[in-house]
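Since the structure comes first, as structure tokens, the remarks are kept for the end.
Each reported figure results from applying straightforward, stated rules to the coordinates on display, with no laboratory input. Treat the numbers as computed from the prediction; the structure is a model and nothing was measured. Positions of Cβ are backbone-derived with ideal geometry, glycine not excepted, and every protein chain shown enters the neighbour counts.
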Amino acid sequence: MVTPALPPGRPEPVETVETVETVKAAARACTVCAPVLPLGPRPVLRGNPPARLLIVGQAPGTRVHASGIPWDDASGTRLRQWLALPPEVFYDEDRVAIVPMGLCYPGANPKGGDNPPRPECAPLWQAWMRAALPAVTLTLLIGQYAQGWWLGPARQPTMTATVAHWRDYGPAFFPLPHPSWRNTAWLKKNPWFEAEALPVLRQRVAEAVHSVMTS
């Protein structure tokens, strides 16, 4: 695993509620990418210190940009089905933290879909927010950008190969494809994902969420 260094000039985080609130407030006030964001900055992230499940996706879409609620779209519905988590648990910040690689909507790609997460974002916020979530035991890496950042050279040459090697990255990480409707064909071509990976994923997610409830 490659763990990025903290952004220069920032204090070493400490394991307190104030710290995570400070990080979230700073991230939500960020305007670094404002000149190149078509809808302007609206950083979307969640999480409190007790959370033991961290979800690292790509970047908000237009619907999430409008609502400010992560995974508030069809992709989120599929993701919650994959995880077997009802919305009230998925959106409980004491159980689940959500920190995408890009905190803001990056704009539409002329070739279809959205642009990649802004490259400025992850170096600013991933390590700092992760350090403020000391209880995390399982991190879900959704898509190639999250997998490349957190797995580094341990990542496989393709997203499909990385997800197929999900057993190699536990217990700390679990790589996933993006749950977008655009990946429905991918799911049909890779039936092992739903047959083999999802049952284990649901078990690990349940263990992480349940451990918060009983601790």
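The magnitude of the dipole of the chain, with charges of +1 and -1 set on the Cβ of Lys/Arg and Asp/Glu and taken from the Cα centre, is near 600 debye. Considering only 187, 54, 151, the Gaussian network model of the chain with Cα springs below 10 Å gives its largest mean-square fluctuation to 187. Rounded, prolate or oblate: pick one for the chain, where a ≥ b ≥ c are the square roots of the eigenvalues of its C-alpha gyration tensor, a/c under 1.5 means rounded, and failing that, prolate if a/b is larger than b/c, else oblate. Because its axes are fairly even, with a/c under 1.5, the chain counts as rounded. Placing dummy labels 7 Å off each Cα toward the beta-carbon, the span from residue 156 to residue 109 is 2.0 nm. Among 211, 156, 124, flag the residue with its Cα farthest along the positive direction of the charge dipole of the stretch 42-214, charges on Cβ as +1 for Lys/Arg and -1 for Asp/Glu. Sorting the options by dipole projection puts first 156. Specify the inter-centroid distance of the stretch 146-215 and the stretch 100-139, based on alpha-carbon positions, in whole Å. About 17 Å separates the Cα centre of the stretch 146-215 from the one of the stretch 100-139. Packing here is the average count of other Cβ atoms within 10 Å per residue, and on that basis the peptides 128-140, 172-184, highest first, run 128-140, 172-184. Diffusion coefficient (Stokes-Einstein, Kirkwood radius over C-alpha pairs, 37 °C, 0.692 mPa s) for the stretch 152-206: 278 µm²/s, rounded to a whole number.
Rounded, prolate or oblate: which fits the stretch 90-215, taking a ≥ b ≥ c as square roots of the Cα gyration tensor eigenvalues, rounded meaning a/c under 1.5, else prolate when a/b beats b/c? The shape class here is oblate.
Placing a pseudo-label 7 Å from each Cα along the Cα-to-Cβ vector at residue 184 and residue 94 gives an inter-label distance of 3.9 nm. For the stretch 42-214, the relative contact order comes to 30 percent (Cα pairs under 8 Å, sequence separation of at least 6).
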